[in-house]
C-alpha cells in the first residue's frame with residue numbers, strides 16, 4: 001500500500017513537470033508582448049527603450065530554456081513569481097481566488113446532491129409514473145440549457161426585475177453566492193439525477209433485492225441499507241470529477257455574475273498575457289485534479305469492501 005502510494009505521488013510529479021513545460025512553451029509561443037500590455041495598462045507609452053528595460057526586468061529577453069529553468073527553480077522553492085497585470089505575488093492571488101471559487105464549488109455540489117439523489121431515487125422507484133415523467137422532463141430541460149444562458153436569465157429576473165441582487169457583482173458575500181450556486185447546481189443536477197436513476201434501476205433488478213422483498217423487508221429499508229451504498233460508488237467518482245471541473249470550469253458563470261474566482265481571474269490573465277499567473281493557475285488546477293483522483297481511488301475500498309487489496 002505504501003509503495004503504491006509513493007508510486008502515485010511520483011507519477012503526479014512527472015505529470016506536473018510535463019504540464020508545466022507544455023504550458024510554458026505555449027505561453028512563450030503565443031502572440032503578444034506582456035511587457036507592452038503591462039506598460040499600456042499602466043498608462044505609459046511603450047517606447048523601444050522602455051520596452052527593452054521592462055523585458056529585461058521581467059526576464060523576457062532571455063532564451064526560452066533559461067526562462068523556463070529560472071521559473072522551475074523558483075517554483076521548486078515555492079515562489080510562483082509576480083503577476084504582471086495585478087502587481088501582486090501569484091501565490092497570493094491564486095490563494096484568494098481559489099478560496100472564492102471553492103466556496104462556489106462546494107455550495108453548488110451540496111445543493112446539486114440534495115436535488116439529484118432524492119430526485120433520482122424517486123424517478124427510479126416511481127418508474128413510468130407521473131413523478132418519473134416530470135423528473136425526466138426536468139433533466140432533459142436542464143441538460144439542454146447552457147449554464148451561461150440560465151445565469152443571464154436569473155440575473156435579469158432577480159437582479160434587474162426584482163432587484164434582489166447587485167447586477168454589477170464583484171463581491172463574494174453570501175447574498176452574491178446564491179444565484180451562481182443555483183445556476184451551477186441546476187445545470188449539474190440534471191445529469192446527476194439521470195445517473196442516480198439509472199444506477200438505482202440497475203440495482204433494483206438484482207437478485208438480492210428480489211430476495212429481500214420475498215423475506216418481507218420494507219422497501220424503504222432496502223433502498224437505504226442496500227441500494228444507497230451501491231449507488232454511492234459511481235456517484236463518488238462523478239462528484240470527484242465534478243469538483244475538479246467546477247474549480248477549473250466555472251469561468252463562464254463567474255464572468256456572468258462577476259464572481260471574483262479563479263475562472264474570472266484566468267480569463268483576465270490570458271487577455272493580459274500574464275504568464276506567471278497563467279502558469280500558476282494551470283499547475284494548481286492540474287494538481288487539484290490529480291489529488292482528487294487519488295483521494296477518490298483510495299476511498300473506493302472504504303465504500304466497497306470487495307475492492308480492498310489483499311495483504
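Every number in this text was worked out from the coordinates using simple rules, so none of it is lab data. Just so you know, these numbers come straight off a predicted model, no measurement behind them. Positions of Cβ are generated from backbone atoms using ideal geometry, with glycine treated the same way; all protein chains shown enter the neighbour counts.
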Report summary line: To the nearest 10 degrees, the tilt of helix 48-58 (Cα long axis) against the first principal axis of the alpha carbons of the chain is 50
Query - Helix-only CD estimate at 222 nm, as mean residue ellipticity for the chain, using -39500 (n - 2.57) per DSSP H run (n ≥ 4) - result: -24500 deg cm²/dmol
Query - Peptides 57-70, 285-298 ordered by average Cβ neighbours within 10 Å, highest first - result: 285-298, 57-70
**Report entry** Gain upon complete extension [residue 238, residue 298; 0.36 nm per residue less C-alpha separation]
**Finding:** 20.1 nm
Report summary line: Simple spin-label estimate for residue 88/residue 143, 7 Å along Cα→Cβ, in nm, reads 4.0
Requested in this report: Enter the angle in degrees (range 0 to 90, nearest 10) between the Cα long axis of helix 90-125 and the first principal axis of the Cα atoms of the chain, meaning the one along which they spread out most.
Outcome: 20
Query raised in the report: For the range 191-260, what's the radius of gyration and Dmax over Cα atoms, in angstrom?
Result: 17.8, 57
Query raised in the report: Taking a spot 7 Å from the Cα of residue 173 along the direction of its beta carbon, which residues of the range 102-124 have an amide N less than 20 Å from it?
Result: 102-105, 107
Report summary line: Shape descriptors of the range 84-126 over alpha-carbon atoms, Rg and Dmax in angstrom, are 18.1, 57
Report summary line: What the 10 Å binned alpha carbon P(r) of the range 45-150 shows, as percent of pairs per bin from 0, is 11, 22, 19, 14, 15, 12, 6, 1
Query raised in the report: Please state the relative contact order of the chain as a whole percent: Cα pairs under 8 Å, 6+ residues apart?
Result: 26
Report task. Could you work out how far the C-alpha centroid of the range 143-163 sits from that of the range 214-240, in angstrom? Result -> 35
Query - For peptides 198-207, 252-261, sequence by mean Cβ density within 10 Å, most packed first - result: 252-261, 198-207
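So if R0 is 25 Å, what FRET efficiency would residue 44 and residue 16 give, r being the distance between their Cβ atoms, rounded to the nearest 0.05? Kindly include the intermediate steps, with their values, before the conclusion.
Details: r = 36 Å, r/R0 = 1.45.
Using R0 = 25 Å, I get an efficiency of 0.10.
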Report summary line: Rounded to the nearest 0.05, FRET efficiency between residue 131 and residue 157 (Cβ-Cβ, R0 22 Å) equals 0.20
Requested in this report: Kindly rank 71-78, 88-95 from highest to lowest mean number of other beta carbons found within 10 Å of each residue.
Outcome: 88-95, 71-78
Requested in this report: Can you tell me the 0 to 90 degree angle between the C-alpha axis of helix 275-303 and the longest principal axis of the chain, rounded to 10?
Outcome: 20
Query raised in the report: Using a simple spin-label model with points 7 Å from Cα along the Cα→Cβ vector, what separation in nm is obtained for residue 5 and residue 76?
Result: 2.6
**Report entry** Over the chain, equivalent-ellipsoid semi-axes from the Cα gyration tensor in Å
**Finding:** 45, 27, 13
